[in-house]
Every structure is written in structure tokens, then in C-alpha cells.
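What follows is a set of notes on a single structure, which appears directly below.
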Amino acid sequence: MNPIATHIVSWLKDYQEKANVDGFIVGVSGGVDSALTSTLCAMTGVKVILLNMPIRQTTAEYKRAQEHIEDLKNRFPAVQSFEIPLTDVFSNFESLMPFDCSDQALAMANSRSRLRMMTLYAIGQANRCLVAGTGNRVEDFGVGFFTKYGDGGVDVSPIADLTKTEVFQLAESMQIVNSILMAAPTDGLWEDGRSDEDQIGASYPELEWAMDFKGDSSTLSVREREVLRIYQGFHAANKHKMEPIPVCIIPSELKND
């Protein structure tokens, strides 16, 4: 087994035993991050629940998720799955909003992620399972490309120290289904199937370079300066997701008055 995979699987198994729970639950989107995370969880040998939670999903995303779920169930006997269609729930939620949802596309896209988080925790708690996060290092600590209290709401983060490039490399070595390895990364929150690069404006290898850049920006090419600007803009705007919630500390003299 790949030594990184061995390390993560051991870490997951140790955490599960210390937490005194039965296993893990993972939302499967049809992307490489959730495919790798769920495979690593399955390799622990404990109970793993895979959820496909379509909300107006593209056909390609849905099919990739199902293909991966069936592949894992065939390979690992402790893996089980549920499909929880959430389109009707989301549509009802949309209808209750006091604004034109078409004018608030990002708010509604993030609401999809938060609805899935609620579903994962409901089923996870009912089955004594920890919610395993699917965020990678670039998303979680670089550009903050995740939904606060959505896909950012998890119990453990097995792949959050891996870049997207490392995720693809590890997934390939672990024989993740080819349709997922070949697909452009996407967050699955948009009906038009837009990719992560479409939304961010830079590829993951470019963002990985920007995340580690420490040199003199005056020596960079036009594209490199643009990528650095994109990275720094996302990092600054999304820092609130990556840091602890601010707490207003009351001075002791005020409490004692």
C-alpha cells in the first residue's frame, strides 16, 4: 500500500477507536476528493456509510458518484450506501426565502452544501459514525474554497494536508474509478456543472504554486502575478473560514462591576 495511504488509514482507525464510534460517513459527490476520502475510510475495515445526496445534479456528477459507490461496495464488505434525494427539500427551502433566489445564486449554492451537512450528521449520528471531511490543503487552508458550516462542517479531515495534485496521485495509486480521475474538479453546487477553475480563475497546480510562493513578485510573469493576485484575494476574503470564531472577551473589571 502507498505509505501515505497507510499513514492516513492508521490515523483514521486510531481516531475511530479513541472516539468510541462505529465508523465513518462520507458524502460522495463524484469528485476525486470524496472518492479518495471514502476509499481511505473503507480501508480501515470499520463501518463506512456513503451518501449520494443529489440536488439538481448534473447527470455526469451523479453517475460518477454512483460508479464510485458501487466500486467501493464491491471491494469492501463493511461499506454501505444510501441515496438521499434532496432536490425537493431544497426547492421547498428556496420557496420560503424572502428574496429572489436567482439574484442570490451563491447564497443558494452554499445552502445546498449546508443541507447536505445536516443530512450527513443526522444519518451519521443515528449510526454512530463520524463525518469524514473531503477538503484538501489548497481548499481548506489556501483559498478557503468550501462552504462554512457546509462541507466545512466535519469531524475529521483525512486529506486536508494533501494538495490537489497529491490527492490525484494518491487516488490513481489506489485505483479510484477512471471517470473520476479524468473529470475536471468541481464543487457540485451549480446546475451548469461549472468547474472549480471556472469559479476561481486559476488551476490547482497554479494555486499550489501561489500558496508556497515566497520570492520577489517583481520577477514573475504576467500570468504568475495574476495567479498570485487571485490566490491572495481568495485567501484574504475567506480567512474567516480558516480561523477560530472571534470571541468578544469581556474585561474582568466589567464583569466585576
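Side notes on the structure shown:
- Pairing residues of segment 35-56 that are under 27 Å from residue 90 (Cα atoms) and assigned to a helix (DSSP H, G or I) with residues that are of a type outside the set (A, V, I, L, M, F, W, C) and at pLDDT below 95, at Cβ distances under 8 Å and at least 6 apart in sequence or on separate chains, gives no pairs at all.
- Out of 125, 175, 169, one residue alone is at pLDDT below 95 and not hydrophobic (A, V, I, L, M, F, W, C). It is 175.
- Within segment 209-235, residues that are surrounded by 15 or more Cβ atoms within 10 Å (Cβ to Cβ) sit with their Cβ atoms under 8 Å from residues that are among the polar types (S, T, N, Q) and part of a helix (DSSP H, G or I), at 6+ positions apart or across chains, in these pairs: 210/232; 228/217.
- For segment 66-87, a residue qualifies if it is in a helix (DSSP H, G or I) and within 21 Å of residue 147 (Cβ to Cβ), and exactly one does: 87.
- Only residues that are among the aliphatic types (A, V, I, L, M) and over 18 Å from the mean Cα position of the chain (by Cα) were counted across segment 10-67, and they come to 5.
- For first residues located in segment 172-188 and without any contact (Cβ under 8 Å) to a residue 40 or more places away in the chain and under 11 Å from residue 32 (Cβ atoms), partners that are among the small types (Gly, Ala, Ser) and not in a helix (DSSP H, G or I) and lie 6+ apart or on another chain with Cβ distances below 6 Å form the pairs 184/195.
- For residue 188, the requirement of being more than 15 Å from the chain's Cα centre (by Cα) and part of a loop (DSSP other than H, G, I, E, B) is not met.
The values are calculated or read from the model by the stated rules, or taken from the named source; none is laboratory data. Note that this is a predicted model, so its numbers are computed, not measured. Cβ coordinates were reconstructed from backbone atoms using ideal geometry, including for glycine residues, and neighbour counts include every protein chain displayed.
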